[in-house]
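Have a look at the structure below, then the notes.
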Ligand SMILES: [Cu+2]
Ligand SMILES: [Zn+2]
């Protein structure tokens, strides 16, 4: 009987450690935006886990003034000269395209970023839908910035035009 209890105890520790490694949480992630071919757009985006979701802070330069569609795309692959290697909008729940405050939207729909007359854009908002951990994590996926405004309506892209910059989302801070 004693032996049996010890065995159960050892198994408990084993599965406990296994479970901990699976529940690893990403606290912060970053993406560096680099221009696609023929563009000069550059920027950085940080993603921070907060109570209400993920705080997104982006600073982008060398944009044309005005609104630019801004999304997380499926793949963290910026190898294609036009950014097409990043795939479509990140959409693990098979929803329609929308704006960041809409109930019906892709997880990756971050709306528009607005560039001033100097071509600089700053964005800071908390996204209630995206997550840095678990099976729908945005870590390892791509960020795409577009030439034109996202209309939040046209399916499945928001009609935001060409991809002017691309970045890969990487975890920078994790906890267990
Ligand atoms: Cu996009
Ligand atoms: Zn979308």
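Throughout, read-outs are computed from the coordinates displayed, never taken from laboratory work. Just so you know, these numbers come straight off a predicted model, no measurement behind them. Don't worry about glycine lacking a Cβ; one is built from the backbone with ideal geometry, like all the others, and counts go over all protein chains shown.
Figures for the structure shown
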item	result
Flag if residue 94 is within 14 Å of ligand 2 (Cβ to nearest atom) and free of Cβ contacts under 8 Å to residues at least 40 places away in the same chain	yes
All positions within region 37-48 that are more than 20 Å from residue 118 (Cα to Cα), surrounded by 13 or more Cβ atoms within 10 Å (Cβ to Cβ) and more than 12 Å from the chain's Cα centre (by Cα)	none
Some residue of region 80-90 being more than 15 Å from the chain's Cα centre (by Cα), farther than 18 Å from residue 132 by Cβ, part of a strand (DSSP E or B) and in contact (Cβ under 8 Å) with a residue 40 or more places away in the chain	no
Residue selected from region 141-156 under the condition within 18 Å of residue 84 (Cα to Cα) and exposed (fewer than 14 other Cβ atoms within 10 Å of the Cβ), by the criterion farthest from the chain's Cα centre (by Cα)	155
Residue satisfying all of: in region 157-176; surrounded by 19 or more Cβ atoms within 10 Å (Cβ to Cβ) and within 12 Å of ligand 2 (Cβ to nearest atom); farthest from residue 63 (Cα to Cα) among these	158
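Residue by residue, here is whether (1) touching a strand residue (DSSP E or B) at 6+ places or on another chain (Cβ under 8 Å); (2) within 11 Å of ligand 1 (Cβ to nearest atom) holds:
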| site | (1), (2) |
| --- | --- |
| 59 | yes, no |
| 62 | yes, no |
| 66 | yes, no |
| 70 | yes, yes |
| 79 | no, no |
| 82 | yes, no |
| 88 | yes, yes |
| 98 | yes, no |
| 106 | yes, yes |
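Okay, residues lined up against (1) within 16 Å of ligand 2 (Cβ to nearest atom); (2) without any contact (Cβ under 8 Å) to a residue 40 or more places away in the chain:
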{"position": "107", "(1), (2)": "yes, yes"}
{"position": "117", "(1), (2)": "no, no"}
{"position": "123", "(1), (2)": "no, no"}
{"position": "133", "(1), (2)": "no, no"}
{"position": "146", "(1), (2)": "yes, no"}
{"position": "151", "(1), (2)": "yes, yes"}
{"position": "155", "(1), (2)": "yes, no"}
